[in-house]
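First the structure, in the form of structure tokens, and then the observations on it.
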Amino acid sequence: MSNYVIKLVPMINPDGVVIGNSRSSLTGIDLNRRWSDPNATMHPEIYFLKNHMKLIEKQCAGISIFCDLHGHNKQLNTFIYGCNKAPNEGILSWTKTRLLPKIIASIEPIFDFKHCQFSQEKQKYNTARVVVWNEMKVTNSFTLETSMFGKKLKSIV
């Protein structure tokens, strides 16, 4: 039987949240755009978390799932942003990146698979999910987005 270690980091920008920011630190920096090259002084939250993840990656058999949690200010429901293919590619690459979101959608009514997006756009290269996917080769590297406004109710016929 395999053992799994689950690590939860409840809030990466507590200094920003305490003054009302949802995405940025106290200095106004969007920490989710600093993952490729975080600075220990300017972005300590990212710098030390990323180094801790690299240590875990070396000590264990790697990281199976990475999921960054965000509140979305436009879309309703809950959905995932993921990468388009597995970092090692392969014949099932496209399917591997979509399997976990598809399973979640089959058991959770508020999860909306049709709003999931799978890509690595240039403007997202410095985000957590893309950096973890690219540098640590984590196929299941996601951003889970949940509406800050609620869910869209299905119409009753």
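Quick notes on this structure:
- Subset of Lys54/Lys151; Lys102/Lys137; Lys54/Lys114; Lys96/Lys122; Lys50/Lys114; Lys58/Lys85 violating a 29 Å alpha-carbon distance limit: Lys54/Lys151; Lys54/Lys114; Lys50/Lys114
- When +1 charges are put on Lys and Arg Cβ atoms and -1 charges on Asp and Glu Cβ atoms, the dipole computed for the chain relative to its Cα centre reaches about 400 debye.
- In percent, rounded to a whole number, the relative contact order of the chain is 29, using alpha-carbon pairs under 8 Å and six or more apart.
- Rg over Rh for the chain works out to 0.98, using Cα positions for both radii and the Kirkwood form for Rh.
- If R0 is taken as 41 Å, the Cβ-Cβ distance between Asp15 and Glu121 corresponds to a FRET efficiency of 0.90.
- Per-residue [θ]222 nm for the chain (sum of -39500 (n - 2.57) over DSSP H runs n ≥ 4, rounded to 500): -8500 deg cm²/dmol
- Excluding same-chain neighbours fewer than eight residues apart, the aspartates and glutamates reachable from Lys152 by a Cα-Cα span under 20 Å are Glu108, Asp112.
- Calculated from backbone phi, Karplus (6.51, -1.76, 1.60) coupling profile of segment 41-56 in Hz, x at Gly/Pro: 8, 7, 9, x, 4, 6, 4, 6, 5, 4, 5, 5, 5, 5, 5, 4
Throughout, read-outs are computed from the coordinates displayed, never taken from laboratory work. Keep in mind that what you see is a predicted model, and the values were worked out from it rather than measured. Heads up, the Cβs are rebuilt from the backbone with ideal geometry, glycines too, and the neighbour counts pull from every protein chain shown.
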